[in-house]
Amino acid sequence: GAALDRVEIRYFARNVEAGRPDLKDLREGKLVTLGLSPTTGELPTEHKVDGFLPGQIVFAIARCFNHIGGAREWSDCPGPGSGEEDDLITWDCSTSPTRPDQTGQPFAVEASMVSENSASSGSFKVPNEGRTNGLPFASLEFEIIDAKGEVVRAQADESSREETAEVLRTGAFERSFKNLIPGSAYTIRARVSNAMGFAPWSRPSEVFKTPPDKPHTPQTPMLESTSLKWIELKWFPPYANGAPITEYDIIYSVREDWPLEDWSRVPQIEMLHGIKEHGHDGRRSLARDRGSLIFRLENLAEFTMHYFRLRCRNIVGWSGWSEIAAFKTQTVEPSKVNRDLMEVLSVSKTSLKFRWTAPECNGEEITRFDVLGSSNYRLLKWATFVQLMLRTAPDPDKLYGYAPPGGMELGDITGTEGLDKFINEEITFSPISPYEAHFELSCLMPGQEYFFSMRALNKIGKGELSAIFGPIKTHSDSPAAVAKLEILETTDRSARFTFPLPWNSGSTITALRFKLQRVDGPLASHEVHPETEEPHPHLASREWAMTVDDCSLLDRDALKAKYGWVAGTTSAVLQAFKDEGATPGRCQTPGHVLTTADPTGFRHTSTVDNLLPGTHYEIAWACRNKYGWSEMSSYAGFETEANVPDQPGELVIGSL
C-alpha cells in the first residue's frame, strides 16, 4: 500500500563454459541501487550495465523498496529466453561471442622426440593463455617452420567441446608431429578457431632441434680410375641425419655371391688416412665432382672383377650397406710422375740436369716420357692445366698411336728460343726415351729460374702431367755486358752522363769502374812532356771506381709506379726490378724493351770533373759482382765547352 521509492539490483557475470551462476554467486555479485527518476518522479524499470567480456552469461535479480522497507524475496533468476536451455551462449542474457584470443607460445616436449628410419617425431604443447570468447574451439592449426623460414608442415585439426573443456582444465593443447628431418632446427606457431573465426597466430616457439639419426645409406660407389692393381672409388657423402659422419667402411670381394662375412674389409686406419676430397692432388674437378670423396684400394688381383659395398656411421650408428658396385682392374695409362722423387743432378751458369723416378706402368711398358719446361712459371702452369683439360676430351691419338708430335724423334728438343731471355713466351718440349729418366738443358741464362713438368706414356694412353718441379736456378755469373754511356750535358770543366745497370746474373752489383781518355784538344806548354810533346798521363787518361749508391737515380719516383703483368715475364725480370728497389711485383716500364744490358729502364747518373775546356774525350764503364767484372762498354765521345785562353806567361823582351 506504499509507493515504491527505490530498487536494488544484484548481477554477476561468468564465462559461459563455467556454467550458469547460482544465488550464491549473485549474493557475491555487484549491487546497484536505483532511486526515483528526477525528471519523471517514477521508479526506473530498465538499467544498462557494461564492461562485460564476449561470451559471458550475465544473471541479474532485483527487489523493490518503499518507506517501510524492502521486499523479503528477490526476483527469480533469468531463463534462456529465446535461447536453448543447454546452450548458454544462446541465452538472451549472454554477451555475444567472438573469435578466440591468441594462444600462448608453443613449445616442443623434448622427452617425446625420437628419430628413426631417417624421420623424427614427437609432440608439442600450445598453452591456452586467452579466452574462448563464448564458443568451443572448432580447430587448432599449426605450422612447423625450418631454419630457412620455410613452412615444412602445415596441419589443421578439428577440435570439440570435450577438448575445449580439457584444454580449459589443463591449460594447453597437445599435438604430435612426424616425418621431420633428424638433427634439424625448427620452430612452431599455432592458432585456434571457433565458429566466429580464427585467432591471430601465436608467437613462434623457441627453436628446437630434432634428435640425430644414423646416416642415410650411401649411393652405389662410382669408379674414378683403375689400373692393373688398384681401383679408385668415388662417392658422395649421404645425408648425415643431423650428426657428422665420422667413419666409412668398405668391403670388397672377387665373388658377388659370397656372404658378407667372407668379404674383405679395408682396415679403418687405411680408411682414415686414405679418404681424400676429390681434387686434393691437383686433378681436374668438374662441377659434378664437387663434394665427392675418393679412396684407392691397392694390391688387387690383376685383370679381375671386384665387387664393393660402402657404409658410414655417425654417433647414432651405422647406415645400411650400399648397393654392390662392380669394377675390373685393367691395363691403363702410366701413373703420375711423383714430383717428390725428382732430383737435380747438376746446375751450372748456363745448364742444368735433373732426373725422376719412373711411375707405375700399370700393365703396359712405358714407351716415352714427355718433358715440358719454361722459365715462365705462369705459362707452364697454364700448359699443364690445358693438358689436364684435354684428358677429358676425345683423343685421336688413341686411334693412330702416341708418336712424338711434329715428327720429332726421341731426344729432340723444341721451344728453346726464349730460355736465355728475360721475356719467354715459349714452352720447351722434349720426348725422352723410356730408358733415360733424366733431362739436360744448356744455353740457359745465368741466375734465372726454370720449371718443369713431365708425364709417362704407354700404348694405352698419356699419363697425367706431374706437379711442377722447380724452381731450378742456374748459378750466378759476372754481370751481363753493359750499355754505352749516354752524355746528358757538358761544361768547360765537367760532363754529366747516365747509364742503366745490366742484368746482374743473380748476384748484386757491388762496384762500378769508369775509364776516361783524351782524344784531342788544345794543350798548354806545361801540359805536355817537353821531349815527347805528349800530354801528361793524368791528362791523357783517367780511371776511377765507385758504388751504385754513389750514383743517383735520374727519376726516383719511377720506382714507386705500379703496372700490370706482362706476358712472358720470368723470375729474372722480377728480380731485376727488386734489386733496383722497385715496388714489389713490378715487371715493366712502359715503352721500354727489356734487354740484359738494360732490364728495367731505370737510369743512374754521375758526373766527371776537372776536364780541359774545348777538348774531345771518350768514356767507357764496367761493373762487377762477387763473380767478376763485366766487359767494358764501348766508348761514348763528348767535347767540353771552349773557354777564354789561359793567362799568358811573363813577357820576355828579346832586344831593344
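Does region 373-394 contain any residue that is more than 30 Å from residue 506 (Cβ to Cβ), over 31 Å from the mean Cα position of the chain (by Cα) and at pLDDT below 90? Yes, region 373-394 has at least one match.
List pairs: first residue in region 330-354 and within 20 Å of residue 387 (Cβ to Cβ), second residue among the acidic types (Asp, Glu) anywhere in the structure, Cβ distance under 6 angstrom, at least six positions apart or on different chains. Correct list of pairs: 335/360; 336/464.
Of all residues being at pLDDT 90 or above and open to solvent by 30 Å² or more (accessible area, probe 1.4 Å) in region 439-461, which is farthest from residue 362 (Cα to Cα)? Just the residue, please. Per the stated criteria, the residue is 443. A Cβ distance below 9 Å, combined with a sequence gap of six or more or placement on separate chains, defines the contacts here; from region 481-499, residues that are more than 18 Å from residue 620 (Cβ to Cβ) reach residues that are basic (Lys, Arg) in the pairs 489/496. Only one of the listed residues (435, 400) is farther than 30 Å from residue 601 by Cβ, modelled with pLDDT under 90 and not aliphatic (A, V, I, L, M). That residue is 400. Kindly provide the set of residues from region 76-101 that are open to solvent by 40 Å² or more (accessible area, probe 1.4 Å) and touching a Lys or Arg at 6+ places or on another chain (Cβ under 7 Å), ordered by number. The answer is 101, and nothing else.
Here is a yes/no grid of residues against (1) open to solvent by less than 50 Å² (accessible area, probe 1.4 Å); (2) farther than 25 Å from residue 447 by Cβ:
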site	(1), (2)
579	no, no
585	no, no
591	no, yes
603	no, no
607	no, yes
617	yes, yes
620	yes, no
627	no, no
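Listed by first and then second residue, the pairs with beta-carbon distance under 6 Å, at least 6 apart or on different chains, first residue in region 545-563 and modelled with pLDDT under 75, second exposed (fewer than 12 other Cβ atoms within 10 Å of the Cβ) and assigned to a strand (DSSP E or B), form an empty list. Look at residue 482 and say whether it is among the β-branched types (Val, Ile, Thr), surrounded by 14 or more Cβ atoms within 10 Å (Cβ to Cβ), farther than 30 Å from residue 367 by Cα and touching a helix residue (DSSP H, G or I) at 6+ places or on another chain (Cβ under 9 Å). No. Selection of region 402-438 for residues being touching a Pro at 6+ places or on another chain (Cβ under 8 Å) and open to solvent by 70 Å² or more (accessible area, probe 1.4 Å) yields 409, 410. If you go through region 93-105 one residue at a time, do you hit one that is within 30 Å of residue 243 (Cβ to Cβ), within 60 Å of the chain's Cα centre (by Cα) and in contact (Cβ under 8 Å) with a residue 24 or more places away in the chain? The answer is yes; a qualifying residue exists.
Here the strands (runs of 3 or more DSSP E) wholly within region 457-513 that include at least 3 residues being under 30 Å from residue 344 (Cβ atoms) are 469-473.
Each residue in region 129-139 was checked for being at negative phi and either touching a Ser or Thr at 6+ places or on another chain (Cβ under 6 Å) or at pLDDT 95 or above (or both), and 4 of them qualify. So, of the residues in region 102-125 that are open to solvent by 30 Å² or more (accessible area, probe 1.4 Å) and of a type in the set (A, V, I, L, M), which turns out to be farthest from residue 317 (Cα to Cα)? Per the criteria, the residue is 109.
Yes/no matrix, rows are residues, columns are (1) in contact (Cβ under 8 Å) with a residue 40 or more places away in the chain; (2) open to solvent by less than 10 Å² (accessible area, probe 1.4 Å); (3) touching a Leu at 6+ places or on another chain (Cβ under 9 Å); (4) outside any loop (DSSP other than H, G, I, E, B):
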position: 173; (1), (2), (3), (4): yes, yes, yes, yes
position: 177; (1), (2), (3), (4): yes, no, no, yes
position: 183; (1), (2), (3), (4): yes, no, no, no
position: 211; (1), (2), (3), (4): yes, no, no, no
position: 224; (1), (2), (3), (4): yes, no, yes, yes
position: 234; (1), (2), (3), (4): yes, no, yes, yes
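Residues considered: 462, 421. Of these, the only one that is closer than 26 Å to residue 226 by Cα and of a type in the set (Lys, Arg) is 462.
Looking at the structure I just gave you, is residue 90 closer than 30 Å to residue 55 by Cα and touching a residue at least 24 places away in the same chain (Cβ under 8 Å)? No. Residues in region 337-346 that are in contact with a Ser or Thr (Cβ under 6 Å, 6 or more places away or on another chain) and either surrounded by 15 or more Cβ atoms within 10 Å (Cβ to Cβ) or part of a loop (DSSP other than H, G, I, E, B) (or both): 2 in all.
Among the residues of region 521-534, the one identified as touching a residue at least 12 places away in the same chain (Cβ under 8 Å) and either of a type in the set (S, T, N, Q) or open to solvent by 80 Å² or more (accessible area, probe 1.4 Å) (or both) is 522.
Looking across region 265-285, just one residue is open to solvent by less than 40 Å² (accessible area, probe 1.4 Å), more than 15 Å from residue 225 (Cα to Cα) and part of a loop (DSSP other than H, G, I, E, B), and that is 266. Note on region 247-264: residues that are among the aromatic types (Phe, Trp, Tyr) and exposed (fewer than 11 other Cβ atoms within 10 Å of the Cβ) total 0. Tallying residues that are under 18 Å from residue 512 (Cα atoms) and either modelled with pLDDT of 90 or more or not in a loop (DSSP other than H, G, I, E, B) (or both) within region 564-595 yields 2.
The values are calculated or read from the model by the stated rules, or taken from the named source; none is laboratory data. In this text, all values refer to a predicted model and were calculated from it rather than measured experimentally. As a convention, Cβ positions derive from the backbone with ideal geometry for all residues, glycine included, and neighbour counts pool all protein chains shown. SASA here: full protein model, heavy atoms, side chains in, ligands and nucleic acids out. Shrake-Rupley method; radii C 1.70, N 1.55, O 1.52, S 1.80 Å.
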